[in-house]
Protein chains: 2
Amino acid sequence: MASLLRTTGRSRAFLPRVNAPTSPRASIALQRRHASAAAAAVADSGEQPFFPDEPKLPIVQTQIPGPQSKKAIERLSKVFDTRSLNMMADYSRSYGNYIADLDGNVLLDVYAQIASIPVGYNNPSLLLAATSPEMASAIINRPALGNFPQHDWADILESGILSVAPKGLNQVFTAQAGSDANELAYKAAFMWKRQQQRGGANADFSPEDISSSMNNKAPGAPDMSILSFKTGFHGRLFGSLSTTRSKPIHKLDIPAFDWPQAPFPALKYPLSEHEAENRAEEQRCLDETERIIAEYHNPPAAVVIEPIQSEGGDNHATPFFFRGLRELTKKHNVLLIVDEVQTGVGATGKFWAHDHWGLSSPPDMVTFSKKAQTAGYYFGNDALRPNKPYRQFNTWMGDPARALLFRSIIQEIERLDLVKSTAATGDYLFAGLTALSQRFPAEIQNLRGHGQGTFIAFDSARRDQVLAKAKAHGVNIGGSGERAVRLRPMLIFQKHHADLLLERLEKVFLE
Amino acid sequence: MASLLRTTGRSRAFLPRVNAPTSPRASIALQRRHASAAAAAVADSGEQPFFPDEPKLPIVQTQIPGPQSKKAIERLSKVFDTRSLNMMADYSRSYGNYIADLDGNVLLDVYAQIASIPVGYNNPSLLLAATSPEMASAIINRPALGNFPQHDWADILESGILSVAPKGLNQVFTAQAGSDANELAYKAAFMWKRQQQRGGANADFSPEDISSSMNNKAPGAPDMSILSFKTGFHGRLFGSLSTTRSKPIHKLDIPAFDWPQAPFPALKYPLSEHEAENRAEEQRCLDETERIIAEYHNPPAAVVIEPIQSEGGDNHATPFFFRGLRELTKKHNVLLIVDEVQTGVGATGKFWAHDHWGLSSPPDMVTFSKKAQTAGYYFGNDALRPNKPYRQFNTWMGDPARALLFRSIIQEIERLDLVKSTAATGDYLFAGLTALSQRFPAEIQNLRGHGQGTFIAFDSARRDQVLAKAKAHGVNIGGSGERAVRLRPMLIFQKHHADLLLERLEKVFLE
């Protein structure tokens, strides 16, 4: 199959036809055209590929970047910062799990735009949504949603964003991206806390509140905080960056609020072999978190945490820790904000990663972005609506176009049962990596993400080299933290893709 | 014309046909169909309407909200905060300068989604762009632009966003909305200033910088500031809100940085009649700004200012003030950030409002959003690129879909010469309002925006009542500050629309 693709090479764009994925005619045509390829895939892995049109193997024709990409990068760098550039992509030739560049290279992509592509490049169902009249209207008639919402906004929310709301949360405030989703949740937390302190929603602001707020001084601009965890990541605007503790390069030279950080459990992997030690470590972190909540000079209104610390290196904690955190935040009357920007929308084998925890009561707010392709925070408690209008407000307050896209993503996830598939593929991949780690114990350390879908990572002493070599072998992988290899495939990543990934990793390790 | 629209009523959607605006066939068909209406408009105002398909007059059939809208609002309010709702819109029936609701009401819209719709609802040229294959790809294949930009990103930037870059600025960092555009500019300013203090781009971070940054403490998270002006508005996230000084309701209960505010000139209108006093007031504000820059305990890295303070009540200053600010920021080695989120993209009769000032050297950064339908900051000085990659970075770093839309907006502005048209229409409207203010001096006070296109406002003692009555007369107008009536029409607002607005305002004042 690789040679077939190679012969047609750059002349073939992987743009899918604009057919309904359920159209029998289209599906027959697809089946006929790719009968042999599909049959081969089925024979290898015992599964039906979701997208028979997808490339069967990576193609690496040049060094990456190749000559065409180099030219394009040089041009772009005159007007746009390209120093973080990983690969200059040609999305017209990318399809499914495969990302293409300008030089005819086509890579299996298990980084997926920093974990943000949910159902594949040029997904035909999304293409249908993107070319619908309602999408066109949403693009050209972008409303100020707080003032002039479109008449079907409730319907778009209910049939989309809210149809997958975490259990116990039935309202949403929409945003543009992960950073501002978190910051809006923080704002809601501060308003809630100060309202409580004043005596509830009917208690008015004091004249001192009002005048001091305009001077950025307490009590109007209160000396309160959001507690976050060491090595956590919650975004890079000023409030979110004050809760981000991932790497100095994210924080250097930017003023930050005097907000506290608690230790995040440093667990030993595999978790199942270190239960007692890990339990003690988690209890230590809970105790320290409780102490900080009680004692910090700028008292926290909320605690924010990722289910799996992602940018910080894929650091896990167990349900014990998160249940403990839920209990102690309730005890101390601070909110629990679960940042599902990277973990949400299926990648952990549940729609929301915190579904794994069995909480006694839901988080107070859950933020989302990335794979949702839109952003915001879910909440359930009416007291989290500020007591007056225009307190939580901005011009756009989200984007109906992206909300429509998320609705289609949800439909595609349901059509292909992708959360379940991701759970199964993740188990399969984890088993494969476990076997590989026994053969290459120096290459795969601290393998983690068991039972967490494809949200899998491991440490590697020569991480950056592994990522570079993997690319030369046709696989696009990202890193995180200091030395983690972070696997963040799309939800359409199947067992035959996992086989390919394992085979290429083996080649890298053997070199 | 009103009666014609009224008979067809709700059954007619104002969705334009998907014709190229330059298609001779379409244009002939349009001309034939609307010959009499167009002729009437021309006869009235001596001008050709840009969109012959546009409604000729507002229609008000019910109280607003009417029964259908009330039902929809009630439903939406269960899942989304509707307390700031102004009007539940039906965008499928909105066209050009006219916004429709669910009850058959069609209003002349001079608020335009808080000044963010540039070239009309359902603009046919934008519809073409929104239904293009490249838009579809941008919607469904959203890249992490810093890592995997699309191969034609340079072309999209150069033919779009950068083609209208302010004089002297040739680079851009793209963002999602006005608030984060400003915050990213602030981050660039802090990184630039600290880099200077360390001795330039090659001087490395100290171990103390690195360790303290992770604890949100100086020197790594420096005690530096952004200076803004009293009654200014720059957004509502934590950093931008710390520079916003518009209203307590925007700021209450949200922690803020200890950053300074300088007085904004309180000028007397009309400016031409109070030159000496205003000059003295502006000099006073410049002197105080200089004092704060020199003395504030958290030294400013940059000064941020709006060309016309918009949310704060449409407060103007003269070119003398802005030129003075440019000089003193240079003298004290702090950056000048001009926030053109609301003033940019043509509304003041120049593409950028700061083009009115005749600066000796350009602003260091200019931020944009709203009418651009995308956001970011322009800059020219290479030293404003942080010295290492990943310092200014986030997952999406903007949105190619919205960048494509801005390119089409720019083309539409050029095709119809809308900046020039807005300058002329603005002068015409200002003259009409001046005449009206002489008849109704209590209703129109401090009329301002002369020579600033349609970016016009006046104070009214009974402002909220005026806005409500105007709506009942078929005109959607916004307010700002404590008592300003803020006119913020689209760039396709023409003299015949101005006539209509003046006529309806007169009716309101006569009541």
Checklist entry - Taking Cα atoms, how many degrees apart are the long axis of helix B:67-76 and the longest axis of chain B, rounded to 10 and kept between 0 and 90? => result 30
Checklist entry - So what does the Cα-only Debye profile of the range A:375-426 read at q = 0.27, 0.31 Å⁻¹, as log10 I(q)/I(0), no solvent term? => result -1.05, -1.13
Next on the checklist: Report the Cα centroid-to-centroid distance between the range A:366-430 and the range B:110-154 in angstrom, as an integer.
Outcome noted: 21
Checklist entry - Any number yet on Rg/Rh for the range A:341-482, C-alpha, Kirkwood? => result 1.06
Checklist entry - Between B and A, buried accessible area summed over both sides at probe 1.4 Å, in Å² to the nearest 100? => result 11100
Item to check | Inter-chain Cβ neighbour average for residues B:397-406, partner chain, 10 Å | outcome: 3
Checklist entry - Considering only the label points, 7 Å along Cα→Cβ from Cα, what distances in nm to one decimal separate B:S77 from the same position in each other copy, shortest first? => result 5.7
Checklist entry - Taking R0 as 56 Å, what's the FRET efficiency between A:K331 and B:S132 from their Cβ-Cβ distance, rounded to 0.05? => result 0.50
Item to check | Inter-label distance for B:I210 and B:I249, nm, one decimal - labels placed 7 Å from Cα along Cα-to-Cβ | outcome: 4.9
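Charges only on Cβ, +1 for Lys and Arg, -1 for Asp and Glu: so what's the dipole of the protein assembly as shown about the Cα centre, in debye to the nearest 20?
With only Lys, Arg, Asp and Glu charged at Cβ, the dipole is about 1480 debye.
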Checklist entry - Taking Cα atoms, how many degrees apart are the long axis of helix A:35-45 and the longest axis of chain A, rounded to 10 and kept between 0 and 90? => result 60
Next on the checklist: With +1 assigned to the C-beta of every Lys and Arg and -1 to the C-beta of every Asp and Glu, and no other charges, what is the dipole magnitude of the range A:137-415 about the Cα centre in debye, to the nearest 20?
Outcome noted: 320
Checklist entry - Using +1 on the beta carbon of Lys and Arg, -1 on that of Asp and Glu, and nothing else charged, what's the dipole of chain B about the Cα centre, debye to 20? => result 1120
Item to check | Folded to 0 to 90 degrees: helix B:463-472 orientation relative to chain B principal axis, Cα | outcome: 40
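Over chain B, calculate the relative contact order: mean separation of alpha carbon pairs under 8 Å at least 6 apart, over the residue count, as a percent.
19
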Checklist entry - Share of the protein assembly as shown's accessible area from carbon and sulfur, percent, 1.4 Å? => result 52
Checklist entry - What order do you get for B:90-96, B:237-243, B:418-424 when each peptide is scored by the mean count of other beta carbon atoms within 10 Å, highest first? => result B:237-243, B:90-96, B:418-424
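Average partner chain C-beta neighbours within 10 Å, per residue of B:208-214? Don't skip to the end; give the middle numbers.
Values: counts 0, 4, 5, 1, 4, 10, 12.
Mean inter-chain Cβ contacts per residue within 10 Å come to 5.
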Item to check | Against the rule of thumb 2.2 N^0.38 Å, how large the Cα Rg of chain A comes out | outcome: 1.01
Item to check | the range A:222-288, Cα convex hull volume normalised per residue, Å³ | outcome: 91
Checklist outcome for this item: The equivalent-ellipsoid semi-axes of the protein assembly as shown, taken as the square roots of five times the Cα gyration tensor eigenvalues and listed largest first in whole Å, are 46, 35, 27
Next on the checklist: Given a Förster distance of 35 Å, report the FRET efficiency between B:E288 and B:E482 from their Cβ-Cβ distance, rounded to the nearest 0.05.
Outcome noted: 0.95
Next on the checklist: Label position 7 Å from Cα toward Cβ: report the copy-to-copy distances for A:Q48 in nm, one decimal, ordered from shortest.
Outcome noted: 5.8
Next on the checklist: Of all beta bridges DSSP finds with both residues in chain A, what is the antiparallel percent, to the nearest 5?
Outcome noted: 65
Checklist entry - Ranked from highest to lowest mean number of other Cβ atoms within 10 Å per residue, what is the order of the peptides B:165-177, A:284-296, A:363-375? => result A:363-375, B:165-177, A:284-296
Checklist entry - Measuring from label point to label point, each 7 Å out along Cα→Cβ, what is the A:A468 to A:H274 span in nm? => result 3.0
Item to check | Cα coordinate range in the range B:137-415, projected on the principal axes (Å, largest first) | outcome: 56, 56, 38
Checklist outcome for this item: Within the protein assembly as shown, the percent of DSSP beta bridges that are antiparallel, given to the nearest 5, stands at 65
Next on the checklist: Test of understanding: what is the full-extension gain from B:E511 to B:N170, defined as 0.36 nm times their sequence separation minus their Cα-Cα distance?
Outcome noted: 117.6 nm
Next on the checklist: Given the options A:V164, A:N202, A:A188, identify the residue whose Cα lies farthest towards the positive end of the charge dipole of the range A:158-214 (+1 on Cβ of Lys, Arg; -1 on Cβ of Asp, Glu).
Outcome noted: A:V164
Item to check | With DNA, RNA and ligands ignored, accessible area of A:K350 (1.4 Å probe; Å², nearest 10) | outcome: 80
Next on the checklist: Among B:V345, B:A468, B:T395, whose Cα projects farthest towards the positive end of the dipole of chain B, with charges put on the beta-carbon of Lys, Arg (+1) and Asp, Glu (-1)?
Outcome noted: B:A468
Next on the checklist: Tell me which of A:A144, B:Q411, A:P65 sits at the most positive position along the dipole axis of the protein assembly as shown, charges placed on C-beta atoms (Lys, Arg +1; Asp, Glu -1).
Outcome noted: B:Q411
Checklist entry - If you bin the C-alpha pair distances of the range A:187-346 every 10 Å from 0, what whole percents do you get? => result 10, 36, 34, 15, 4, 1
Next on the checklist: Ordered shortest first, which distances in nm separate the 7 Å Cα→C-beta label point of B:S211 from those of the other copies?
Outcome noted: 4.4
Checklist outcome for this item: Expressed in nanometres to one decimal, the distance between label points 7 Å along Cα→Cβ at B:E74 and B:S163 is 4.9
Checklist entry - Across peptide B:120-133, what mean number of C-beta atoms from other chains lies inside 10 Å of a residue's C-beta? => result 4
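The values are calculated or read from the model by the stated rules, or taken from the named source; none is laboratory data. Here the structure is a predicted model, which means the values were calculated and not measured. As a convention, Cβ positions derive from the backbone with ideal geometry for all residues, glycine included, and neighbour counts pool all protein chains shown. The accessibility values were calculated without ligands, DNA or RNA, using every heavy atom of the protein model including side chains. Shrake-Rupley method; radii C 1.70, N 1.55, O 1.52, S 1.80 Å.
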